[in-house]
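Here the structure comes first, spelled out in structure tokens, and everything after it is commentary.
The values are calculated or read from the model by the stated rules, or taken from the named source; none is laboratory data. What you see is a predicted model, and the numbers here were worked out from it, not measured in a lab. As a convention, Cβ positions derive from the backbone with ideal geometry for all residues, glycine included, and neighbour counts pool all protein chains shown.
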Amino acid sequence: MKRGRPSGFTLLEILLVLLLLSISAVIVVPNLPNDQSDEVQREAERFYQLVQLWTEQSLLSGQTLGLRVSDDSYQLMRLTPKDWEPVEKTRTATSVTVPEGIELDLEVSGFVAEEDRLFDRDSLFDEEMFAEEEDKPKPPQVVLMGNGEIIPFSLTFLVDKKRLWQVKGNDVATFELIALNEGRE
């Protein structure tokens, strides 16, 4: 009977292979491209959830809330007897700045077109009367009314001018999250 060395790997060989794999993983993983479309999707879903929550909050409290959107952020506002004011931090986010590289494009519907107006907006107000109120916040573009209605809108999330995700809201506060095909392979 021949007694030979048993077949298989030694512990030292297995540890050496694991060491080489871990070193290569440390080098390769940080150099993988960051998929920004996933980040855009998370931001669109976040907005979708927040706007539903804020609409329910407006309905339950009977208070009129508004949404002010800029190119890279959005903020919840409240209508007070004096004017619109930003909502202070509550248990949920009230002001969100999207990550760098993501842009927001808001389209609001439901307003009278400029050419259909009876009067020019500028002619109705005396600019000097409101001169001391320059530092007050701009009013919201989307209004969430206490009766459950909203001003219809669509908010598009873009990266490098490519439209990736869109959140639409109609006048009875039904929201829809839509994946757009631009920029997708």
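Computed values, structure above
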read-out	value
The range 169-179 - residue that is farther than 22 Å from Gln36 by Cβ and free of Cβ contacts under 8 Å to residues at least 24 places away in the same chain and, of those, nearest to the chain's Cα centre (by Cα)	Glu176
Leading residue by the ranking (modelled with the highest pLDDT) among those in the range 1-33 that are outside any loop (DSSP other than H, G, I, E, B) and among the polar types (S, T, N, Q)	Ser22
Check on Leu67, of a type in the set (A, V, I, L, M), under 20 Å from Val172 (Cβ atoms) and surrounded by 15 or more Cβ atoms within 10 Å (Cβ to Cβ)	yes
